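These notes are about the structure you will find just below.
Bear in mind that the values in this text are calculations on the coordinates, not laboratory data. In this text the structure is predicted, and so the values were computed from the model without any measurement. Note that each Cβ is placed from the backbone with ideal geometry, even for glycine, and that neighbours are counted across all protein chains shown.
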Number of protein chains: 2
Amino acid sequence: MTTRRYFIALGAAAAFVKAVKPAFAQKTIAGKEKLIVRSFHPEDLETPVELFNSFITPNDLFYVRHHLGAPGTESTNWKLDVSGLVSSPQSFALEDVRRFPRASVTVTLECAGNGRAFFDPAVAGIQWEKGAVGTARWTGARLADILNKAGIKSETKYVSFDGADKGFAKIPDFIRNLPLSKAMHPDTIIAYEMNGVPIPPLHGFPLRLIVPGWEGAYSVKWLEKIAALDAEHDGFFVKTAYRYPTRRVMPGATVDAKDMAPLTGLVVKSLITSPKDKASARTGTSVLVTGFAWAGEDEIAKVDISVDGGSTWMEAALGREHERYSWRQFSREIKFPAAGYYTVMSRATDQKGRMQPIEPAWNPSGYLWNAIDKVRVNVEAA
Amino acid sequence: MTTRRYFIALGAAAAFVKAVKPAFAQKTIAGKEKLIVRSFHPEDLETPVELFNSFITPNDLFYVRHHLGAPGTESTNWKLDVSGLVSSPQSFALEDVRRFPRASVTVTLECAGNGRAFFDPAVAGIQWEKGAVGTARWTGARLADILNKAGIKSETKYVSFDGADKGFAKIPDFIRNLPLSKAMHPDTIIAYEMNGVPIPPLHGFPLRLIVPGWEGAYSVKWLEKIAALDAEHDGFFVKTAYRYPTRRVMPGATVDAKDMAPLTGLVVKSLITSPKDKASARTGTSVLVTGFAWAGEDEIAKVDISVDGGSTWMEAALGREHERYSWRQFSREIKFPAAGYYTVMSRATDQKGRMQPIEPAWNPSGYLWNAIDKVRVNVEAA
């Protein structure tokens, strides 16, 4: 299946849902009432930017990105199977997974397509703006412990992950894989808790793979099947989707799959959460510019703020809460010198010196948008 | 006359010219064959960026911006009158002007509307892209010497300038003024030579006011009449046009004239002249990125180049030719690391630390566009 066919199938599914929607008069999704619905089925829900006001994103505010819709996963006899190139195939019950040493990791997850709506020319896919990102503390078993129990054979190069969601109509099953090194990394876990409670169904109950620092589609929900492989998995969501050109391409270009490689880590990025876009302010009053910055597997070195369209920059303070793989809060008090219309910008730089670009590279699926962020503020005389 | 009515009148004039144009099959303007014609009458001609390859812009490549069309100014009995608040009104013949001490100044002139085409939302007016700018060496008499000969009275605050071009249809006469301090500045001259030859008719023969560092519309062509005034001149081209909001306004906003002030100095800006936009290059080959940077009355401190969409910057070398009020050439050799599509950017900073913005302030007439410049280069494997 090509990306194009995938989007045609997705479009047909969306048209069907639109046709039956008035019968339900559905406006929000239960438990996620504050989120922006980008699609009802599959559930694609974006967090309004102004609701990000704590280091940890509460579960009810956390974005949702599904390809096939949440399956029913309330079964009490859940099994996690490990097969493929292993010496001892396993079928773990939930209690078995819980018996492994507990590991916790605080991770900023972000959809690779977050910001897709800003690419020019426009690209197909869910038109995420800024809120397909969030930070949670995940607790579970280390994937390496699970794999070691099954005994990975030496020819293993990739490990694949399949959740309980199944392909339907023309949309293929959502199966992803990891290179062995990332699979065996001690921070890669199979989580059963999200922010101290069992993972909610929309976030992968009962088990979810958590791949810190990498784009969200690696963190497979409702995890049922793991397989050790000697090559990349051959499915649509590895071979066609979530791939990125190996070189910068001309905006609007068609790119062969052979000229693309799988996405991996998230890129350096920042998000202004306050003031809200199109906010009003008064001269002489201090305004706190605050938000979050992240850089996937890397750490944020600094965040700069501009109020003059990017001519001059002021360094923001970074928040006390600070964990690897997690965003960092930033803040800077500013006073607007005079009444007028301001564009407030934030620009993050990571520890490797990579800075958010002015113009992110266009790519056919609209991944990894990370332009310098901006909000508009109308300042009136006090 | 409002700005709106001015543009309606201009539109009507343009429609008329368009209607009669096929009869002449005019494609270029004599002596300016290499320039882009934005309007035939009045003559509005833009220099293609790739033709800027020397510190001095040759006269035949120099941009032209007229409001009313070039008048016939070949008369041998030209007079320059000085009147208003002066103790001894004057009527200088050309020989009289030439008898004052010669003064020369090398100046980068730029139309305030250069780059207007890039504002979003779009604004009315000639849709200049990048080439309404150029640098010439002007020679003539100091305006202060001329004014002192006439004896400026103490109540003088402004000096107005009127050329031989006259208003027609609904378009008012083009009269501009200067505050006294800029008029009396020793670098403000009445030129009779442009790059060592008598000023060509399209550039103001026989006399042109040259106001260094300020937007081009101050440098009045075919200068006939100077008047000392105790207040700003009351005409359309002072009270309505060439004004800029005193505060940043919301894109698309309507702004009252009382909330605008006359434009004065040019802002910090750079222009990549090579490689040309949409150029091709090969990996492994050095490519010289070169162009010009200017900052009106201020000087360029540095120019940085980016080839990665503005994430990282490399400092360019500044050219040896270096005069106040003139642009500075910059250059940097780069090698493209791999095949692909690159956006090459240039970003100038002036001696006061002002840097080109990412997003220049929108304004109703589309003046002072000075965003970080960019060209696109398609790099193929060698």
Note: B:343-349 gets an average of partner chain Cβ contacts (10 Å, Cβ to Cβ) equal to 2
Mean other chain Cβ within 10 Å across A:351-361 is 5
Inter-copy distances for residue A:381, label 7 Å out on the Cα-Cβ vector, sorted ascending, nm, one decimal, are 6.5
For the rotation taking chain A to chain B, the chain A residue with the nearest C-beta to the axis, plus the distance in whole Å, reads A:358, 3
So, with points 7 Å from each Cα along the Cβ direction, the residue A:79-residue B:333 label distance in nm works out to 6.7
Per-residue average of other protein chain Cβ atoms inside 10 Å, peptide A:115-127 -> 0
Going from the fewest other Cβ atoms within 10 Å to the most, one would list A:194, B:184, B:250 as B:250, B:184, A:194
With +1 on the Cβ of every Lys and Arg and -1 on the Cβ of every Asp and Glu, the dipole magnitude of the protein assembly as shown about its Cα centre, in debye rounded to the nearest 20, is 620
For the residue B:231, residue B:351 Cβ pair and Förster radius 30 Å, calculated FRET efficiency rounded to 0.05 is 0.35
Listed with the fewest Cβ neighbours within 10 Å leading, B:347, A:137 appear as A:137, B:347
Output row for residue A:101: copy-to-copy label distances, label 7 Å along Cα→C-beta, ascending, in nanometres, one decimal, is 8.7
Around residue B:262 (Cβ within 10 Å, Cβ-to-Cβ, excluding residue B:262; K/R +1, D/E -1) the net charge comes to +1
The rounded separation in angstrom of the Cα centers of region A:269-308 and region A:110-151 is 23
Surrounding charge for residue B:157, neighbours by C-beta under 11 angstrom, Lys/Arg +1, Asp/Glu -1, total -2
Restricting to aspartates and glutamates and to Cα separations under 15 Å from residue A:34, and discarding same-chain partners fewer than 8 apart, the set is A:43, A:44, A:46, A:50, A:60
For residue A:149, the lysines lying under 19 Å Cα to Cα, once residues fewer than eight places off in the same chain are dropped, come out as A:79, A:157, A:182, A:225
Exposure-ranked with fewest Cβ neighbours within 10 Å first, B:67, B:185 stand as B:185, B:67
Answer in debye to the nearest 20: the dipole magnitude of region B:245-382 about its Cα centre, from +1 Lys/Arg and -1 Asp/Glu charges placed on Cβ, is 160
Net charge near residue B:191 (other residues with Cβ under 14 Å of its Cβ; Lys, Arg +1; Asp, Glu -1) is +3
Taking r as the C-beta separation of residue B:27 and residue B:280 and R0 as 35 Å, the FRET efficiency to the nearest 0.05 is 0.80
Rounded to the nearest 10, the angle in degrees between the Cα long axis of helix A:3-24 and the longest principal axis of the Cα atoms of chain A comes to 80
Sorting from shortest, the nanometre distances separating the label point of residue B:261 (7 Å past Cα along the line to Cβ) from those of the same residue in the other copies are 5.3
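To the nearest 20 Debye, how big is the dipole of chain A about its Cα centre, given +1 on the beta carbon of each Lys and Arg and -1 on that of each Asp and Glu?
It comes to approximately 340 debye.
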With the charge dipole of chain A built from beta-carbon charges (+1 for Lys and Arg, -1 for Asp and Glu) about the Cα centre, the Cα from A:222, A:355, A:245 projecting farthest to the positive end belongs to A:245
Given pairs B:170/B:258; B:269/B:374; A:278/B:269; A:302/A:352 and cut-off 18 Å on Cα-Cα distance, the over-length ones are B:170/B:258; A:278/B:269
